[in-house]
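The values are calculated or read from the model by the stated rules, or taken from the named source; none is laboratory data. Since the structure is predicted, the reported quantities are computational estimates derived from the model, not experimental observations. Cβ: placed from backbone, ideal geometry, glycine included. Neighbour counts: every protein chain shown.
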Amino acid sequence: MYSQLQSIVSSVSSSQSYGPQYQAVVIPLTKDSKDLSGFAIGAQTKTALEDVMNCDFFAQDRERASWVKGQGEDQASFFLLLQLGAESEISRDSVRNSFGEACKMASARGFESLAYLLPDNACYAKDFDAGIEGALLASYRFTNYQKEEKLKQSLKKISFYLDAEDQVGSLSERLNEITKTVDCVFVARDWSNQPTNELGPDRYTEEVEALAAKAGLNCTVMHEDELIKRGMNLIMAVGKASVERPRLIHLEYKPKAPAKAKIALVGKGVMYDTGGLSLKPSASMMGMKMDMSGSGCVVSTILAAAALELPVHVHVVTPVVENAVAGNATRPGDVVAAKNGKTVEIENTDAEGRLILADALCYAEDLGVDRIVDVATLTGACLIALGDEIAAVLSSDEETKQMILESSKLRGEKIWPLPLEENYKKLLKSPIADLRNIGGRNAGTITAALFLKEFVEKTKWAHLDIAGPSDTEKELPICPRGGTGFSTMTLVEFLKRC
Ligand code: BES
Ligand code: ZN
Ligand code: ZN
């Protein structure tokens, strides 16, 4: 079955309409809150909850969340006392994560329905939307290949009840927007998690085409003849050893309303990265099915833009290849001309992302857009510099960089700027070509970005290196192990600001 946009049922309603029809009910509390009077639950249950709240383990913060069985009229529900921390510690990110943890706890118990009761006077009321994001994002599971785990997946409905009636309408609107975006994040996660024997270039292209058609996007797939005709020789050079042939996918979303801006999103689509003839050691090769995460995220972003009917004209340009090994593979030392005519000595075939992106960036610039943002699992050096929770942004345009940073902060994805230091450009000098594709051991993320910069002539441009956070080895509050869909939330927010 093809990947699909599939939402968990979710809603925001007034607390007045809350009834005991949920298997799990979350009661978020700040550390010093003793008062349950604002919550629309029965008196007997309140007493039971207060008993637990007064226990040392809860009051002293040794247990952040505790289940209590409902009493009397609420007896069909389990209540989760959720300690958010002291008021001074509570932030947008902590609310997102706490709400996510609560969702996972409900889902681990096999509950089908979950309600969050949001108190009127909460000090984090302005961050309710972040809580909604956390709860929905945390509901994701990837169980395609596990029969038993699939059966355990039970959560079908998440609802939020709000005391402040006048805010129900606006929070409902936010929920609607968040749900549509989260659905797209899940598609990106699915694609990163799918092993390459199931999702190679052919199958991925089919899935993108199917989702694009459903969303009403224009979709053009350029195959080898077209790539050669247009001079995209670097994409050919990286993809030529693969049985499934290299290609470039171009999607376009045109809003019905007049567009406020024209943006190109460019994503690295390496369906598998063996390193090519500069072969990766086995331990580093494991996991390289996720090397198409940049592509998955830009595609999921344009799907979200269409679902949300954002007033921005968006292009997605994504080269799709497999960096494979064969007798006809590109050799270290080969020289290949990019779309813009610059020649590249391919000193290391494992630095393939920047090669395919070079041609794709030239193509994107030819579309005549206002800004270009590219997203790529580009360098191991970025993981060394920032770890696996933070992506890097590098940009020659301060405004675009700030827009990315503000968007990422609001949507809970950590991104940090690195300098595009021109002095390091000399590290990319080749003795026989205009450029070489590696810059030595130092500042690997910066030299990779400087390489990309050679292929954007005049358009405002930012580059996101998501090698770290694109997947996670440890379970996160809002994401299980595997693909995270990192950058989709940020890019959707970015488009809203364009
Ligand atoms: N896909 C990798 C980067 C990567 C490494 C992503 C680890 C996620 C986790 C990229 O194609 C690559 O292999 N880069 C090389 C570049 C080097 C040869 C200059 C790297 O980072 O080692
Ligand atoms: Zn590589
Ligand atoms: Zn790669």
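Please tell me if R245 is more than 15 Å from ligand 3 (Cβ to nearest atom), in the same structural domain as K460 (by TED's automatic domain parsing), among the basic types (K, R) and touching a helix residue (DSSP H, G or I) at 6+ places or on another chain (Cβ under 6 Å). Answer is yes for this residue. Where strands (runs of 3 or more DSSP E) fall entirely within region 327-382, those with at least 3 residues that are within 16 Å of ligand 3 (Cβ to nearest atom) and touching a Leu at 6+ places or on another chain (Cβ under 7 Å) are at 371-376. Every listed requirement among (1) within 16 Å of ligand 2 (Cβ to nearest atom); (2) surrounded by fewer than 17 Cβ atoms within 10 Å (Cβ to Cβ) is met by L355 save one, (2).
Looking only at region 398-422, which residues are among the acidic types (D, E) and surrounded by fewer than 19 Cβ atoms within 10 Å (Cβ to Cβ)? Correct list: E398, E399, E406, E421, E422. As for region 365-373, it holds at least one residue that is under 22 Å from C184 (Cα atoms), more than 16 Å from ligand 2 (Cβ to nearest atom) and of a type in the set (A, V, I, L, M).
For region 223-270, a residue qualifies if it is buried (at least 24 other Cβ atoms within 10 Å of the Cβ) and either assigned to a helix (DSSP H, G or I) or within 16 Å of ligand 2 (Cβ to nearest atom) (or both), and the qualifying residues are L234, I235, A237, V238, G239, P246, G267, K268, G269, V270.
Set side by side, the residues P480, P431 differ, and just one is away from ligand 2 (no atom under 16 Å from the Cβ) and within 26 Å of T349 (Cβ to Cβ), which is P431. On the given criteria, is S293 part of a loop (DSSP other than H, G, I, E, B), closer than 18 Å to A448 by Cα and either charged (D, E, K, R) or modelled with pLDDT of 95 or more (or both)? Against the criterion (part of a loop (DSSP other than H, G, I, E, B), closer than 18 Å to A448 by Cα and either charged (D, E, K, R) or modelled with pLDDT of 95 or more (or both)), S293 does not qualify. Of all the residues in region 383-402, those that are part of a helix (DSSP H, G or I) and either touching a Ser or Thr at 6+ places or on another chain (Cβ under 7 Å) or more than 10 Å from ligand 1 (Cβ to nearest atom) (or both) number 7. Only residues that are β-branched (V, I, T) and either out of contact with any helix residue (DSSP H, G or I) (no Cβ under 9 Å at 6 or more places or on another chain) or in a helix (DSSP H, G or I) (or both) were counted in region 88-105, giving 1.
Just one of the listed residues (A213, A259) is within 29 Å of R174 (Cβ to Cβ), free of Cβ contacts under 8 Å to residues at least 40 places away in the same chain and over 18 Å from the mean Cα position of the chain (by Cα), and it is A213. When the residues of region 423-449 are filtered to those that are in contact (Cβ under 8 Å) with a residue 40 or more places away in the chain and outside any loop (DSSP other than H, G, I, E, B), the one that is surrounded by the most Cβ atoms within 10 Å (Cβ to Cβ) is A449. Might you check whether a residue that is part of a helix (DSSP H, G or I), under 30 Å from the mean Cα position of the chain (by Cα) and either under 18 Å from S139 (Cβ atoms) or not assigned by TED's automatic domain parsing to the domain that holds V26 (or both) occurs anywhere in region 59-75? Scanning region 59-75, I find no residue that is part of a helix (DSSP H, G or I), under 30 Å from the mean Cα position of the chain (by Cα) and either under 18 Å from S139 (Cβ atoms) or not assigned by TED's automatic domain parsing to the domain that holds V26 (or both), so the answer is no.
With respect to A305, determine if the residue is in contact with a helix residue (DSSP H, G or I) (Cβ under 8 Å, 6 or more places away or on another chain), within 16 Å of ligand 3 (Cβ to nearest atom) and in a helix (DSSP H, G or I).
No; evaluated as a whole, the condition is false for this residue.
Checking each residue in region 376-424 for being within 16 Å of ligand 2 (Cβ to nearest atom) and closer than 22 Å to E457 by Cβ picks out A376, L378.
Quick grid of which residues meet (1) out of contact with any helix residue (DSSP H, G or I) (no Cβ under 9 Å at 6 or more places or on another chain); (2) more than 16 Å from ligand 3 (Cβ to nearest atom):
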position	(1), (2)
A391	no, no
E399	yes, yes
Q402	yes, yes
K409	no, yes
G412	no, yes
L420	no, yes
I432	yes, yes
R436	no, yes
N442	no, yes
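For region 465-474, the count of residues that are touching a residue at least 12 places away in the same chain (Cβ under 8 Å) and over 21 Å from D93 (Cα atoms) is at least one.
A search for C-beta distances below 8 Å between a residue of region 288-302 that is without any contact (Cβ under 8 Å) to a residue 12 or more places away in the chain and under 13 Å from D190 (Cα atoms) and any residue that is in a helix (DSSP H, G or I) and within 11 Å of ligand 1 (Cβ to nearest atom), counting only pairs 6+ apart in sequence or on different chains, returns nothing. Of the listed requirements (1) assigned to a loop (DSSP other than H, G, I, E, B); (2) without any contact (Cβ under 8 Å) to a residue 60 or more places away in the chain; (3) away from ligand 1 (no atom under 16 Å from the Cβ), W416 misses just one: (1). Taking region 337-352 as the range and being away from ligand 2 (no atom under 16 Å from the Cβ) and crowded, with 19+ Cβ neighbours inside 10 Å as the test, the residues that pass are A338, K339, E345.
Please enumerate the residues belonging to region 475-498 that are within 16 Å of M292 (Cα to Cα) and in a strand (DSSP E or B).
Answer for region 475-498, where residues must be within 16 Å of M292 (Cα to Cα) and in a strand (DSSP E or B): G482, G483.
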